[in-house]
Amino acid sequence: MTRLYEEVFTRLEEMAMITTRALKLDARAALAVKFNPLPEQQEHEFAAVEIVSTAECSGCYDYRDGACFERETRQDSRRVQ
């Protein structure tokens, strides 16, 4: 279980770095690494997920579209990059 945890966490960190770069988010900001399915997407088999979040926004990845997108933390708007 420990090895699996380490592998998953390493992969999530990699996804967070890629998402941060793709969206040109400030890498120096306090980032929280997550794997959080978006509520409006949960009924689909492969949902968009929140990967990183800051005080201003969340960086997400949509498996179906193969694209990263940013969501404002204060507003629930979706901007595809």
Going through the range 43-59 one residue at a time, which ones are modelled with pLDDT under 85 and not hydrophobic (A, V, I, L, M, F, W, C)? Glu43, His44, Glu45, Glu56
For the range 24-42, does any single residue satisfy the condition of being modelled with pLDDT under 90, among the aliphatic types (A, V, I, L, M) and in contact with a Lys or Arg (Cβ under 9 Å, 6 or more places away or on another chain)? yes
Residue identified as within 17 Å of Thr73 (Cα to Cα) and either modelled with pLDDT of 90 or more or surrounded by 19 or more Cβ atoms within 10 Å (Cβ to Cβ) (or both) among Thr19, Thr10: Thr19
Tally the residues that are within 11 Å of Thr54 (Cβ to Cβ) and either among the charged types (D, E, K, R) or in contact (Cβ under 8 Å) with a residue 40 or more places away in the chain (or both), restricting the search to the range 17-42. 4
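Working only within the range 1-24, note down all residues that are among the hydroxyl-bearing types (Ser, Thr, Tyr) and within 12 Å of the chain's Cα centre (by Cα). Walk me through how you get there before you give the answer.
Keep residues of the range 1-24 that are among the hydroxyl-bearing types (Ser, Thr, Tyr), which gives 2, 5, 10, 19-20.
Result: Thr19, Thr20.
The values are calculated or read from the model by the stated rules, or taken from the named source; none is laboratory data. A quick note: this is a predicted structure, and the numbers were derived from the prediction, not measured. Note: ideal-geometry Cβ built from the backbone for every residue, glycine included; neighbour counts use all protein chains shown.
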